[in-house]
Amino acid sequence: MVLYYSASGNTEYIAKLLAKELDDECVSLLERIRNDDRSKIYSRKPFVICAPVYVCKMPTFVKRCIEHIPFRGSRKVYFVFTSGGYAGMSGSAAKGIIRRKKMQYMGHAEITMPTNHIVSNAYPPSSPEVCRTRISEAEKRIPEIAGRIKRGERLKARHVFLLEKLVILPINPLWVRFMQPSKDFYTTDKCIGCGKCSRLCPVGNIRMADRRPVWQHPCAHCMACILNCPVEAIEYGDITQSKDKYNIRKYVKL
Ligand SMILES: Cc1cc2nc3c(=O)[nH]c(=O)nc-3n(C[C@H](O)[C@H](O)[C@H](O)COP(=O)(O)O)c2cc1C
């Protein structure tokens, strides 16, 4: 069974391509995450968990969800991470979770996709040409990754050196603690009050009041609200007005 969380569609696209190649089910974790649903999941085939990378690790809300789900059937778990090019500690963090669940960690793959962290000036948005190239390069990797999973082989990704680990180790916890303010999100006059942003928020951070979204706290900075608004009415401070609101649906059909 392929399980995934995705904010702007990158991971959803990869998960669906993998599931097709594996002839397996593809299930979104969004509702489980939103509802803190801890009911068991059964799969005869290995579990393949697909997630984006948030500051060198998988998102905290995905990590918690996986920690709490009782997995039944297969004991093997693979991970596939999509990132803007640097997955950092995602693999080792995933390995720790799976070992604590007394399941078999089967390795992870890292796939570079267009960058979606639109509210940060640290990750420049990918140009349309870069988006197209990354998506098509990613598509080419699916048969090889699926082949390994079908044959029961481990997935291999780039080795993360000890020095590298020491440098990046404190960054994610600091970012999670201090760097996800939601006070700068707002809607422009284009807002139609559809509530899609609220429904897509994995941490239930967006309340609708008078048909307008109100961002509360804690925000996970996943970008699902701003990058899925059907009328592109959501902005963040003065950082996003001139930026393209990336969503993979602008490039491929999901
Ligand atoms: C909060 C946040 C942090 C991110 N951190 C990283 C990172 O550390 N390294 C990286 O290469 N990409 C990073 N990205 C980019 C995403 O991992 C990448 O665009 C991913 O494919 C998005 O997947 P999705 O569309 O399925 O949500 C970050 C994106 C967000 C929203």
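The values are calculated or read from the model by the stated rules, or taken from the named source; none is laboratory data. Remember, it's a predicted structure, so these values are computed and weren't measured experimentally. Counting neighbours? That spans all protein chains shown, and the Cβs are built from the backbone with ideal geometry, glycine included.
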*Is one or more of the residues making up the stretch 141-154 modelled with pLDDT of 95 or more, within 16 Å of the ligand (Cβ to nearest atom) and within 26 Å of C225 (Cα to Cα)?*
no
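Give me the strands (runs of 3 or more DSSP E) completely within the stretch 64-163, filtered to those with at least 3 residues that are β-branched (V, I, T) and either in contact with a strand residue (DSSP E or B) (Cβ under 8 Å, 6 or more places away or on another chain) or buried (at least 21 other Cβ atoms within 10 Å of the Cβ) (or both), ordered by residue number.
Numbers: elements: 71-73, 76-83, 104-112.
It comes to 76-83.
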_Segments classed as strands (runs of 3 or more DSSP E), wholly inside the stretch 1-48, with at least 3 members that are crowded, with 24+ Cβ neighbours inside 10 Å_ = 2-4
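From the set of residues in the stretch 50-63 that are assigned to a strand (DSSP E or B) and of a type in the set (A, V, I, L, M, F, W, C), which is farthest from S6 (Cα to Cα)? If you could, list the steps in order and put the result at the bottom.
Going residue by residue through the stretch 50-63, those that are assigned to a strand (DSSP E or B) are 50-52, 54, 57.
Still in the list and also of a type in the set (A, V, I, L, M, F, W, C): 50-51.
Details: C50: 8, A51: 7 Å.
Within the stretch 50-63, the match that is farthest from S6 (Cα to Cα) is C50.
Being in contact with a Phe, Trp or Tyr (Cβ under 7 Å, 6 or more places away or on another chain), within 15 Å of the ligand (Cβ to nearest atom) and not small (G, A, S): is that true of V77 here?
On the way: in contact with a Phe, Trp or Tyr (Cβ under 7 Å, 6 or more places away or on another chain): yes; within 15 Å of the ligand (Cβ to nearest atom): no; not small (G, A, S): yes.
Spelling it out, it is not the case that V77 is in contact with a Phe, Trp or Tyr (Cβ under 7 Å, 6 or more places away or on another chain), within 15 Å of the ligand (Cβ to nearest atom) and not small (G, A, S).
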